[in-house]
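The values are calculated or read from the model by the stated rules, or taken from the named source; none is laboratory data. Note that this is a predicted model, so its numbers are computed, not measured. Here the Cβ is made from the backbone with ideal geometry for all residues, glycine too, and neighbour counts use every protein chain on show. For the accessible areas, the whole protein counts, side chains as well, though only heavy atoms, and no ligand, DNA or RNA atoms are used. Shrake-Rupley method; radii C 1.70, N 1.55, O 1.52, S 1.80 Å.
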Amino acid sequence: MDFRARLVSWEQIDKWCENIREKVSNSYRPDMIIALARGGLVPARVLADMLWIKDLISVKTEHWGITATASGKAVLKDPGNLNIEGKRVLIVDDITDTGQSMKLAYDFIMKQKPAEVRTVTMLHITRSSFIPDFFSEIVDEKNWAWFIFPWNVYEDLDNLLSRVLKGRMTFTQIENELKDQFNLNIDSSLLSHILDEFRKAGRIVQEDHTFSKPPESQ
Ligand code: ADE
C-alpha cells in the first residue's frame, strides 16, 4: 500500500487552529490574513476569528491534475493587485506537502511590498521544500497520507471511489477496497449517506445492492 487516506474531523481542525493561534500570537501581530484558496479558506477564517483580524482576503492557487496525485504544478489564478503595501501579513494554508503552492503565493505576495510576512499551515510534511514559520503538526514523509479535510469530503471521496469502483460492487466490497487500497476506515453510516448523495447527483448508479460508475464515465 503506498497511498493512505485519512479522514479529518472538525474537532481536529479546531485543535490545530487553536494550536497555531497560540504559536502565532506569541510572536507576531498580523494586520491581515491572506488565505490560499481553496484549502486555506476555512483555517484562515477560523484563525481570523481567533486572532481578532477582520481583514481577510484570498489568493487562489491551482494544481494541474486531480486530488491525490500531488503531481500537479501550482499556478496562481488571476491574483491582481492585493493592496498590501506596508501591511503585516499572515499567509494561511491547510498543508505544506510539496510546498509549491505556498512558495508561489509567498513570492507573489513579497513582490507587493508588505511590511512583514509570516506563513502558517495546520500540517507540514517533511518533504515540503517550503517550511512555514508556524504549523501545528509535522508529518514525516514516511507517514505521508492524503488528508480528507471536512470541507473536501465529497470531492475526495468522489476521486477515491472512481479509483475503487470496477464493474458492479456491493457496499461491503467498496468498504473493503477503500480499506485495502487506501487504508481508509470510514464509518458505514457516513459511507452509506455519501453513496446515496452521489447517486442523487448522478455520480454513481445503484441497481439493487450494487454500485457502478455511470455509463458515460466508464
Ligand atoms: N493538498 C496537498 N497535499 C495534500 C495532502 N497530503 N492531503 C490533503 N490535501 C493536500
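Can you give me the ranges of the strands (runs of 3 or more DSSP E) entirely in segment 1-109 with at least 1 residues that are under 30 Å from residue 191 (Cβ atoms)?
By residue number, 5-7, 32-37, 56-63, 88-96.
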State yes or no: is residue 90 over 28 Å from residue 22 (Cβ atoms), buried (at least 16 other Cβ atoms within 10 Å of the Cβ) and more than 12 Å from the ligand (Cβ to nearest atom)?
no
Exactly one condition in (1) away from the ligand (no atom under 13 Å from the Cβ); (2) surrounded by fewer than 19 Cβ atoms within 10 Å (Cβ to Cβ) is false for residue 47; which is it?
(2)
Can we say residue 59 is over 17 Å from residue 136 (Cα atoms) and either at pLDDT 95 or above or crowded, with 19+ Cβ neighbours inside 10 Å (or both)?
yes
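For segment 116-128, give me each residue that is in contact (Cβ under 8 Å) with a residue 24 or more places away in the chain and within 13 Å of the ligand (Cβ to nearest atom).
Within segment 116-128, 121, 122, 123, 124, 125, 127, 128 qualify.
Residues are listed down the side, and each one gets a yes or a no for (1) of a type in the set (Ser, Thr, Tyr); (2) at pLDDT 95 or above; (3) open to solvent by 40 Å² or more (accessible area, probe 1.4 Å):
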| site | (1), (2), (3) |
| --- | --- |
| 10 | no, yes, yes |
| 14 | no, yes, yes |
| 23 | no, yes, yes |
| 33 | no, yes, no |
| 74 | no, no, no |
| 77 | no, no, yes |
| 80 | no, no, yes |
Please tell me if residue 113 is more than 18 Å from the chain's Cα centre (by Cα), surrounded by fewer than 15 Cβ atoms within 10 Å (Cβ to Cβ) and either part of a helix (DSSP H, G or I) or within 14 Å of the ligand (Cβ to nearest atom) (or both).
no
Within the group 152, 143, which residue is over 14 Å from the mean Cα position of the chain (by Cα), closer than 21 Å to residue 19 by Cβ and within 13 Å of the ligand (Cβ to nearest atom)?
143
